[in-house]
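The values are calculated or read from the model by the stated rules, or taken from the named source; none is laboratory data. Bear in mind that the values here come from a model prediction, so they are computed numbers and not experimental data. Neighbour counts run over all protein chains shown; Cβ positions are idealised from the backbone, glycine included. With ligands, DNA and RNA removed, areas are computed over all heavy atoms of the protein, side chains included. Shrake-Rupley method; radii C 1.70, N 1.55, O 1.52, S 1.80 Å.
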Amino acid sequence: MIRLEHVQKIYDDGFQALKNINLEFKEGEINVLIGPSGCGKTTTMKMLNRLIDYTEGQIYINNKEITSIDTIELRRSIGYVIQHIGLFPHMTIYNNVAAVPRLLKWDKERIEKRVDELLDMVGLEPEVYKNRYPSELSGGQQQRIGVIRALAAEPSIILMDEPFSALDPISREQLQDELVRLQKEIKKTIVFVTHDMDEALKIADQIILMKDGEIVQKGTPNEIVQYPANEFVKEFIGTERLGNNTTIPPVEAVMLNDADTLDLDSSLESAAQLMGEKNIHSLTVVDENNKIQGQVTILNASNSLQENKKVHDVLTPINHKVNKSSSLKTVLNIMNDNDVNELPVVDDSEQYVGMITRKEVLRVMTDLYMNDGNEGS
Ligand SMILES: Nc1ncnc2c1ncn2[C@@H]1O[C@H](COP(=O)(O)OP(=O)(O)O)[C@@H](O)[C@H]1O
Ligand SMILES: [Mg+2]
(Lines give C-alpha, C1' and ligand atoms only; values in the text may rest on other atoms or scores of the structure.)
(Ligands and ions follow the chains in the order given, each with its own letter.)
Protein backbone atom coordinates (compact mmCIF):
# COMPACT_ATOMS: atom_id res chain seq x y z
CA MET A 1 0.00 0.00 0.00
CA ILE A 2 1.13 3.53 -0.78
CA ARG A 3 0.14 6.49 1.36
CA LEU A 4 0.72 10.20 0.76
CA GLU A 5 0.31 12.50 3.75
CA HIS A 6 0.17 16.28 3.46
CA VAL A 7 2.43 16.23 0.44
CA GLN A 8 3.40 19.49 -1.23
CA LYS A 9 5.67 20.23 -4.13
CA ILE A 10 7.22 23.59 -4.81
CA TYR A 11 9.50 23.63 -7.84
CA ASP A 12 12.81 25.51 -7.80
CA ASP A 13 11.25 28.47 -9.58
CA GLY A 14 8.83 28.83 -6.70
CA PHE A 15 5.82 27.34 -8.49
CA GLN A 16 3.62 25.31 -6.18
CA ALA A 17 2.59 22.28 -8.22
CA LEU A 18 1.00 20.30 -5.38
CA LYS A 19 -0.88 21.52 -2.31
CA ASN A 20 -1.53 19.20 0.61
CA ILE A 21 -2.11 15.89 -1.15
CA ASN A 22 -3.53 13.07 0.99
CA LEU A 23 -4.01 9.76 -0.76
CA GLU A 24 -3.97 6.00 -0.43
CA PHE A 25 -3.31 3.48 -3.18
CA LYS A 26 -4.32 -0.04 -2.22
CA GLU A 27 -2.68 -3.24 -3.30
CA GLY A 28 -4.43 -5.00 -6.16
CA GLU A 29 -6.16 -1.81 -7.29
CA ILE A 30 -5.88 0.37 -10.36
CA ASN A 31 -5.72 3.97 -9.12
CA VAL A 32 -6.26 6.56 -11.83
CA LEU A 33 -5.01 10.13 -11.49
CA ILE A 34 -6.96 12.33 -13.85
CA GLY A 35 -7.32 16.02 -14.49
CA PRO A 36 -6.49 18.77 -16.96
CA SER A 37 -2.99 19.34 -18.26
CA GLY A 38 -0.71 20.88 -15.63
CA CYS A 39 -2.82 19.84 -12.61
CA GLY A 40 0.04 17.83 -11.10
CA LYS A 41 -0.57 14.22 -12.16
CA THR A 42 2.93 13.50 -13.41
CA THR A 43 4.48 15.33 -10.46
CA THR A 44 2.47 13.14 -8.05
CA MET A 45 3.51 9.99 -9.88
CA LYS A 46 7.21 10.83 -10.17
CA MET A 47 7.46 11.46 -6.45
CA LEU A 48 6.61 7.81 -5.84
CA ASN A 49 9.81 6.53 -7.45
CA ARG A 50 11.69 9.67 -6.42
CA LEU A 51 12.28 10.99 -9.87
CA ILE A 52 10.98 14.14 -8.17
CA ASP A 53 11.47 14.93 -4.49
CA TYR A 54 8.64 16.45 -2.50
CA THR A 55 8.95 19.62 -0.50
CA GLU A 56 6.65 18.82 2.43
CA GLY A 57 4.84 15.81 3.84
CA GLN A 58 5.48 12.07 3.82
CA ILE A 59 5.08 9.21 1.40
CA TYR A 60 4.94 5.66 2.71
CA ILE A 61 5.21 2.39 0.86
CA ASN A 62 4.14 -0.47 3.10
CA ASN A 63 4.53 1.87 6.06
CA LYS A 64 8.12 2.78 5.20
CA GLU A 65 8.83 6.42 4.43
CA ILE A 66 10.36 6.34 0.96
CA THR A 67 13.24 8.71 1.68
CA SER A 68 14.51 6.01 4.06
CA ILE A 69 14.60 3.41 1.25
CA ASP A 70 17.66 3.13 -0.99
CA THR A 71 16.67 4.84 -4.27
CA ILE A 72 17.94 2.05 -6.50
CA GLU A 73 16.14 -0.57 -4.47
CA LEU A 74 13.01 1.57 -4.46
CA ARG A 75 13.02 1.96 -8.26
CA ARG A 76 13.59 -1.74 -8.78
CA SER A 77 10.44 -2.51 -6.87
CA ILE A 78 8.47 -0.12 -9.09
CA GLY A 79 7.69 -0.69 -12.78
CA TYR A 80 7.33 2.44 -14.88
CA VAL A 81 5.52 2.79 -18.21
CA ILE A 82 5.32 6.07 -20.11
CA GLN A 83 3.54 7.31 -23.22
CA HIS A 84 6.41 6.90 -25.63
CA ILE A 85 7.60 3.62 -24.27
CA GLY A 86 11.16 4.06 -25.41
CA LEU A 87 11.86 0.46 -26.34
CA PHE A 88 15.50 0.06 -27.28
CA PRO A 89 15.22 0.13 -31.08
CA HIS A 90 18.36 -1.86 -31.83
CA MET A 91 17.44 -4.63 -29.41
CA THR A 92 15.08 -7.56 -30.07
CA ILE A 93 11.82 -7.82 -28.15
CA TYR A 94 13.42 -10.57 -26.09
CA ASN A 95 16.32 -8.36 -25.07
CA ASN A 96 14.06 -5.43 -24.36
CA VAL A 97 11.90 -7.44 -21.96
CA ALA A 98 14.92 -9.18 -20.45
CA ALA A 99 16.76 -5.93 -19.70
CA VAL A 100 15.89 -5.53 -16.04
CA PRO A 101 16.01 -9.23 -15.06
CA ARG A 102 19.53 -9.25 -16.58
CA LEU A 103 20.51 -6.26 -14.47
CA LEU A 104 19.27 -8.22 -11.50
CA LYS A 105 21.46 -11.13 -12.64
CA TRP A 106 18.69 -13.67 -13.04
CA ASP A 107 19.96 -16.87 -14.64
CA LYS A 108 19.32 -17.38 -18.34
CA GLU A 109 16.74 -20.10 -17.92
CA ARG A 110 14.64 -18.04 -15.53
CA ILE A 111 14.78 -15.03 -17.87
CA GLU A 112 13.74 -17.10 -20.89
CA LYS A 113 10.83 -18.56 -19.01
CA ARG A 114 9.76 -15.15 -17.75
CA VAL A 115 9.89 -13.51 -21.21
CA ASP A 116 7.77 -16.30 -22.72
CA GLU A 117 5.29 -16.06 -19.89
CA LEU A 118 4.97 -12.28 -20.25
CA LEU A 119 4.52 -12.39 -24.03
CA ASP A 120 1.83 -15.03 -23.58
CA MET A 121 0.13 -12.82 -21.00
CA VAL A 122 -0.45 -10.09 -23.57
CA GLY A 123 -1.35 -12.44 -26.39
CA LEU A 124 1.88 -12.20 -28.38
CA GLU A 125 3.13 -15.62 -29.48
CA PRO A 126 6.70 -15.82 -28.06
CA GLU A 127 8.12 -17.79 -30.98
CA VAL A 128 6.79 -15.21 -33.42
CA TYR A 129 7.71 -12.01 -31.60
CA LYS A 130 10.81 -12.73 -29.49
CA ASN A 131 13.30 -12.13 -32.24
CA ARG A 132 11.60 -9.17 -33.86
CA TYR A 133 12.70 -5.58 -33.45
CA PRO A 134 10.40 -2.87 -32.06
CA SER A 135 9.95 -1.27 -35.50
CA GLU A 136 8.49 -4.56 -36.74
CA LEU A 137 5.57 -4.26 -34.32
CA SER A 138 2.43 -2.14 -34.46
CA GLY A 139 2.04 0.77 -32.01
CA GLY A 140 -0.30 -1.28 -29.84
CA GLN A 141 2.06 -4.23 -29.80
CA GLN A 142 5.00 -2.00 -28.90
CA GLN A 143 3.07 -0.57 -26.00
CA ARG A 144 2.23 -4.10 -24.83
CA ILE A 145 5.97 -4.77 -24.76
CA GLY A 146 6.43 -1.54 -22.76
CA VAL A 147 3.93 -2.86 -20.22
CA ILE A 148 5.46 -6.32 -19.88
CA ARG A 149 8.96 -4.89 -19.75
CA ALA A 150 7.87 -2.92 -16.69
CA LEU A 151 6.42 -6.13 -15.22
CA ALA A 152 9.45 -8.28 -15.99
CA ALA A 153 11.18 -8.22 -12.64
CA GLU A 154 7.93 -8.65 -10.71
CA PRO A 155 7.68 -5.20 -9.14
CA SER A 156 4.89 -4.80 -6.59
CA ILE A 157 4.01 -1.32 -7.85
CA ILE A 158 3.48 -0.16 -11.43
CA LEU A 159 3.36 3.49 -12.46
CA MET A 160 1.82 4.23 -15.83
CA ASP A 161 1.89 7.80 -17.17
CA GLU A 162 -0.57 8.17 -20.05
CA PRO A 163 0.65 4.82 -21.39
CA PHE A 164 -2.01 4.44 -24.09
CA SER A 165 -2.54 8.08 -25.09
CA ALA A 166 -0.60 7.92 -28.34
CA LEU A 167 -2.52 4.90 -29.65
CA ASP A 168 -5.47 4.83 -32.03
CA PRO A 169 -8.86 4.39 -30.28
CA ILE A 170 -9.18 0.71 -31.04
CA SER A 171 -5.72 -0.33 -29.88
CA ARG A 172 -6.27 1.82 -26.82
CA GLU A 173 -9.50 0.00 -25.94
CA GLN A 174 -7.81 -3.34 -26.40
CA LEU A 175 -4.91 -2.44 -24.14
CA GLN A 176 -7.31 -1.13 -21.51
CA ASP A 177 -9.19 -4.44 -21.61
CA GLU A 178 -5.93 -6.33 -21.35
CA LEU A 179 -4.71 -4.27 -18.44
CA VAL A 180 -7.91 -4.95 -16.50
CA ARG A 181 -7.67 -8.65 -17.29
CA LEU A 182 -3.96 -8.77 -16.46
CA GLN A 183 -4.47 -7.01 -13.15
CA LYS A 184 -6.87 -9.78 -12.08
CA GLU A 185 -3.88 -12.13 -12.34
CA ILE A 186 -1.04 -9.96 -11.09
CA LYS A 187 -2.86 -7.87 -8.44
CA LYS A 188 -0.26 -5.11 -8.31
CA THR A 189 -0.64 -1.61 -6.93
CA ILE A 190 -1.13 0.32 -10.13
CA VAL A 191 -1.05 4.12 -10.37
CA PHE A 192 -2.23 5.22 -13.79
CA VAL A 193 -2.27 8.78 -15.16
CA THR A 194 -4.66 9.81 -17.91
CA HIS A 195 -6.62 12.83 -19.07
CA ASP A 196 -9.27 10.64 -20.70
CA MET A 197 -12.36 10.12 -18.53
CA ASP A 198 -13.57 7.15 -20.60
CA GLU A 199 -10.31 5.42 -19.88
CA ALA A 200 -10.54 6.21 -16.17
CA LEU A 201 -14.13 5.00 -15.86
CA LYS A 202 -13.26 1.82 -17.65
CA ILE A 203 -10.17 0.67 -15.80
CA ALA A 204 -10.17 2.35 -12.37
CA ASP A 205 -10.90 0.92 -8.96
CA GLN A 206 -10.23 4.39 -7.59
CA ILE A 207 -10.36 7.66 -9.54
CA ILE A 208 -8.53 10.71 -8.17
CA LEU A 209 -9.64 13.85 -9.97
CA MET A 210 -7.15 16.72 -9.65
CA LYS A 211 -7.15 20.41 -10.45
CA ASP A 212 -4.46 23.05 -9.86
CA GLY A 213 -2.37 20.83 -7.59
CA GLU A 214 -5.28 19.71 -5.44
CA ILE A 215 -7.57 16.72 -5.24
CA VAL A 216 -11.09 17.71 -6.21
CA GLN A 217 -12.70 14.32 -5.66
CA LYS A 218 -11.70 10.70 -5.20
CA GLY A 219 -13.85 7.61 -5.31
CA THR A 220 -14.91 4.63 -7.37
CA PRO A 221 -16.03 5.28 -10.95
CA ASN A 222 -19.63 4.81 -9.82
CA GLU A 223 -19.31 7.27 -6.95
CA ILE A 224 -17.77 9.88 -9.21
CA VAL A 225 -20.42 9.51 -11.90
CA GLN A 226 -23.34 9.30 -9.49
CA TYR A 227 -22.24 11.91 -6.98
CA PRO A 228 -19.98 14.43 -8.72
CA ALA A 229 -18.68 16.76 -6.01
CA ASN A 230 -19.09 20.00 -7.96
CA GLU A 231 -19.51 21.65 -11.35
CA PHE A 232 -15.90 21.02 -12.31
CA VAL A 233 -16.31 17.27 -11.82
CA LYS A 234 -19.59 17.30 -13.72
CA GLU A 235 -18.01 19.10 -16.58
CA PHE A 236 -15.01 16.83 -16.58
CA ILE A 237 -17.16 13.72 -16.67
CA GLY A 238 -19.14 15.22 -19.51
CA THR A 239 -22.80 15.87 -18.97
CA GLU A 240 -23.84 13.37 -21.62
CA ARG A 241 -22.05 10.61 -19.78
CA LEU A 242 -23.82 11.16 -16.48
CA GLY A 243 -26.21 8.30 -15.94
CA ASN A 244 -25.33 6.81 -19.28
CA ASN A 245 -22.13 5.14 -20.22
CA THR A 246 -23.35 2.64 -22.77
CA THR A 247 -22.19 4.36 -25.90
CA ILE A 248 -21.04 1.40 -27.96
CA PRO A 249 -23.92 -0.29 -29.80
CA PRO A 250 -24.34 -4.07 -29.96
CA VAL A 251 -23.72 -6.20 -33.04
CA GLU A 252 -27.41 -6.17 -33.87
CA ALA A 253 -27.36 -2.46 -34.65
CA VAL A 254 -24.48 -2.76 -37.06
CA MET A 255 -24.79 -6.13 -38.81
CA LEU A 256 -26.00 -6.67 -42.37
CA ASN A 257 -29.28 -8.46 -41.82
CA ASP A 258 -30.07 -9.02 -45.46
CA ALA A 259 -26.87 -10.96 -46.16
CA ASP A 260 -27.40 -13.84 -48.60
CA THR A 261 -27.21 -17.46 -47.47
CA LEU A 262 -27.14 -20.83 -49.21
CA ASP A 263 -29.25 -23.92 -48.52
CA LEU A 264 -27.62 -27.30 -48.10
CA ASP A 265 -28.95 -28.57 -51.41
CA SER A 266 -28.35 -25.45 -53.49
CA SER A 267 -26.31 -26.15 -56.60
CA LEU A 268 -22.73 -24.98 -56.71
CA GLU A 269 -23.48 -23.11 -59.91
CA SER A 270 -26.02 -20.92 -58.21
CA ALA A 271 -23.64 -20.47 -55.26
CA ALA A 272 -20.78 -19.36 -57.54
CA GLN A 273 -23.07 -17.10 -59.49
CA LEU A 274 -24.37 -15.40 -56.36
CA MET A 275 -20.85 -14.81 -55.05
CA GLY A 276 -19.85 -13.43 -58.43
CA GLU A 277 -22.79 -11.04 -58.53
CA LYS A 278 -22.24 -9.81 -54.99
CA ASN A 279 -18.49 -9.75 -55.35
CA ILE A 280 -17.90 -11.77 -52.16
CA HIS A 281 -15.69 -14.76 -51.61
CA SER A 282 -17.82 -16.89 -49.33
CA LEU A 283 -21.40 -17.50 -48.26
CA THR A 284 -22.89 -18.92 -45.09
CA VAL A 285 -24.86 -22.15 -45.41
CA VAL A 286 -27.97 -22.67 -43.26
CA ASP A 287 -30.32 -25.62 -42.80
CA GLU A 288 -34.12 -25.55 -42.91
CA ASN A 289 -34.18 -24.25 -39.32
CA ASN A 290 -31.89 -21.38 -40.23
CA LYS A 291 -29.01 -22.87 -38.22
CA ILE A 292 -25.50 -22.39 -39.54
CA GLN A 293 -24.05 -25.50 -41.17
CA GLY A 294 -20.85 -24.06 -42.56
CA GLN A 295 -19.69 -21.99 -45.47
CA VAL A 296 -18.86 -22.31 -49.13
CA THR A 297 -15.99 -20.32 -50.54
CA ILE A 298 -15.73 -19.25 -54.13
CA LEU A 299 -12.68 -21.48 -54.43
CA ASN A 300 -14.47 -24.60 -53.15
CA ALA A 301 -17.44 -23.91 -55.36
CA SER A 302 -15.50 -23.33 -58.55
CA ASN A 303 -13.20 -26.33 -57.98
CA SER A 304 -16.16 -28.67 -57.91
CA LEU A 305 -18.42 -26.98 -60.44
CA GLN A 306 -17.98 -29.64 -63.14
CA GLU A 307 -18.78 -32.50 -60.80
CA ASN A 308 -22.44 -31.72 -60.37
CA LYS A 309 -22.06 -31.43 -56.63
CA LYS A 310 -24.22 -29.55 -54.19
CA VAL A 311 -23.44 -27.14 -51.41
CA HIS A 312 -23.56 -29.90 -48.77
CA ASP A 313 -20.75 -31.77 -50.56
CA VAL A 314 -18.21 -28.96 -50.32
CA LEU A 315 -19.11 -26.94 -47.28
CA THR A 316 -16.45 -26.25 -44.69
CA PRO A 317 -17.05 -25.51 -41.02
CA ILE A 318 -17.36 -21.99 -39.65
CA ASN A 319 -15.32 -21.80 -36.48
CA HIS A 320 -16.39 -18.44 -35.17
CA LYS A 321 -19.68 -16.64 -34.85
CA VAL A 322 -21.07 -13.96 -32.57
CA ASN A 323 -24.32 -13.35 -30.76
CA LYS A 324 -26.39 -10.39 -31.92
CA SER A 325 -26.16 -8.78 -28.48
CA SER A 326 -22.37 -9.04 -28.25
CA SER A 327 -20.46 -5.78 -28.09
CA LEU A 328 -18.51 -4.49 -31.05
CA LYS A 329 -15.37 -4.71 -28.96
CA THR A 330 -15.87 -8.45 -28.56
CA VAL A 331 -16.39 -8.77 -32.28
CA LEU A 332 -13.22 -6.92 -33.05
CA ASN A 333 -11.26 -9.05 -30.60
CA ILE A 334 -12.53 -12.24 -32.22
CA MET A 335 -11.72 -10.87 -35.68
CA ASN A 336 -8.22 -9.89 -34.63
CA ASP A 337 -7.47 -13.08 -32.74
CA ASN A 338 -8.58 -15.27 -35.62
CA ASP A 339 -7.57 -13.05 -38.49
CA VAL A 340 -11.01 -12.94 -40.10
CA ASN A 341 -12.80 -9.94 -41.58
CA GLU A 342 -16.38 -11.07 -41.24
CA LEU A 343 -18.43 -13.19 -38.89
CA PRO A 344 -21.91 -14.67 -39.00
CA VAL A 345 -24.30 -13.43 -36.33
CA VAL A 346 -26.77 -15.67 -34.47
CA ASP A 347 -29.58 -15.00 -32.02
CA ASP A 348 -30.09 -16.68 -28.65
CA SER A 349 -31.55 -19.79 -30.25
CA GLU A 350 -28.50 -20.08 -32.51
CA GLN A 351 -30.43 -19.08 -35.61
CA TYR A 352 -28.55 -17.18 -38.26
CA VAL A 353 -29.55 -13.51 -38.38
CA GLY A 354 -26.86 -11.74 -40.42
CA MET A 355 -23.23 -10.96 -41.06
CA ILE A 356 -20.91 -8.42 -39.47
CA THR A 357 -17.83 -7.10 -41.25
CA ARG A 358 -14.66 -5.55 -39.87
CA LYS A 359 -15.07 -2.56 -42.12
CA GLU A 360 -18.47 -1.76 -40.68
CA VAL A 361 -17.33 -2.24 -37.07
CA LEU A 362 -14.40 0.09 -37.58
CA ARG A 363 -16.57 2.68 -39.27
CA VAL A 364 -19.06 2.76 -36.39
CA MET A 365 -16.38 2.82 -33.69
CA THR A 366 -14.43 5.58 -35.40
CA ASP A 367 -17.60 7.67 -35.69
CA LEU A 368 -18.29 7.19 -32.00
CA TYR A 369 -14.85 8.42 -31.03
CA MET A 370 -14.94 11.34 -33.42
CA ASN A 371 -18.17 12.56 -31.88
CA ASP A 372 -17.02 11.94 -28.34
CA GLY A 373 -15.84 15.24 -26.81
CA ASN A 374 -12.27 14.67 -25.71
CA GLU A 375 -10.93 16.74 -22.86
CA GLY A 376 -7.62 17.59 -24.51
CA SER A 377 -4.29 17.10 -22.82
N1 LIG B 1 10.63 21.33 -13.25
C2 LIG B 1 9.60 22.17 -13.12
N3 LIG B 1 9.76 23.43 -12.74
C4 LIG B 1 8.73 24.27 -12.57
N5 LIG B 1 7.45 23.93 -12.78
C6 LIG B 1 7.20 22.67 -13.19
C7 LIG B 1 8.26 21.72 -13.38
N8 LIG B 1 7.71 20.54 -13.78
C9 LIG B 1 6.38 20.77 -13.84
N10 LIG B 1 6.06 22.01 -13.49
C11 LIG B 1 4.73 22.61 -13.43
O12 LIG B 1 3.97 21.91 -12.45
C13 LIG B 1 2.62 21.77 -12.87
C14 LIG B 1 2.23 20.32 -12.83
O15 LIG B 1 2.95 19.61 -13.83
P16 LIG B 1 2.67 18.08 -14.15
O17 LIG B 1 2.68 17.32 -12.88
O18 LIG B 1 3.63 17.67 -15.20
O19 LIG B 1 1.19 18.15 -14.73
P20 LIG B 1 0.28 17.05 -15.45
O21 LIG B 1 1.06 15.78 -15.50
O22 LIG B 1 -0.96 16.97 -14.63
O23 LIG B 1 -0.01 17.60 -16.82
C24 LIG B 1 2.54 22.40 -14.25
O25 LIG B 1 2.03 23.70 -14.12
C26 LIG B 1 3.97 22.43 -14.71
O27 LIG B 1 4.20 23.50 -15.58
MG1 LIG C 1 1.73 14.66 -17.21
### Task
Please give the per residue accessible area of the chain, computed with a probe of 1.4 Å over protein heavy atoms only, in Å².
50
#### Entry: Among 314, 180, 147, residue whose mean-square fluctuation peaks in a GNM of the chain (springs only between Cα atoms under 10 Å)
314
### Message
What distance in nm lies between label points placed 7 Å from Cα along the C-beta direction at residue 76 and residue 131?
### Response
3.2
### Task
Count charges around residue 27 for me, please; just the other residues with Cβ under 9 Å from its Cβ, Lys/Arg as +1, Asp/Glu as -1.
+2
### Message
Please report the antiparallel percentage of the DSSP beta bridges confined to the chain, to the nearest 5.
### Response
60
#### Entry: In nm, spacing of pseudo-spin labels at residue 299 and residue 53 (7 Å Cα→C-beta vector)
6.6
### Task
Could you tell me the distance between the Cα centroids of the stretch 284-354 and the stretch 197-231, to the nearest Å?
44
### Task
For each pair in 291/324; 64/218; 202/329; 184/218; 19/202; 46/184, compute the distance between the two Cα atoms and list the pairs where it is over 20 Å.
64/218; 184/218; 19/202; 46/184
#### Entry: Residue list for the stretch 133-171, given a label point 7 angstrom along the Cα-to-Cβ vector of residue 27 and an amide N cut-off under 15 Å
155-158
### Task
For the stretch 251-365, give the percent of accessible area contributed by carbon and sulfur heavy atoms, probe 1.4 Å, rounded to a whole number.
42
### Query
Is the stretch 66-180 rounded, prolate or oblate when judged by the Cα gyration tensor, a ≥ b ≥ c being the square roots of its eigenvalues, rounded requiring a/c under 1.5 and prolate requiring a/b larger than b/c?
oblate
### Stretch gain in nm, segment residue 177-residue 336, where the contour uses 0.36 nm per residue and the Cα spacing is subtracted
55.8 nm
### Query
When the Cα centres of the stretch 145-190 and the stretch 37-114 are compared, how far apart do they sit, in Å?
14
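Could you work out [θ]222 nm for the chain from helices alone, using -39500 (n - 2.57) per DSSP H run of at least four and dividing by all its residues? Round to the nearest 500 deg cm²/dmol.
Taking each H run of at least 4 residues, the total per residue is -10500 deg cm²/dmol.
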### Message
Give me the one-decimal nm value for the distance between modelled label points at residue 15 and residue 64, 7 Å along each residue's Cα-to-Cβ direction.
### Response
3.3
### Task
Would you mind checking the tilt of helix 139-151 against the longest principal axis of the Cα atoms of the chain, expressed as 0 to 90 degrees and rounded to 10?
50
### Query
Heavy-atom accessible area of residue 124 with all protein chains present, probe 1.4 Å, nearest 10 Å²?
10
## Note on the structure
For the chain, longest principal axis from Cα atoms; helix 268-278 axis from its Cα atoms; angle between them, nearest 10 degrees, is 50
### Task
Report the paramagnetic label zone for residue 265: residues of the stretch 307-327 whose backbone N is under 17 Å from a point 7 Å from Cα along the Cα-to-Cβ axis.
308-315
#### Entry: Segment residue 102-residue 287, length gained on full extension (0.36 nm per residue, minus Cα span)
60.7 nm
### Query
Which residue fluctuates the most in the chain, going by a Gaussian network model with Cα springs under 10 Å, if the choices are 197, 210, 121?
121
### Message
To test your reading of the geometry: what angle, between 0 and 90 degrees and rounded to tens, separates the Cα axis of helix 358-370 from the longest principal axis of the chain?
### Response
30
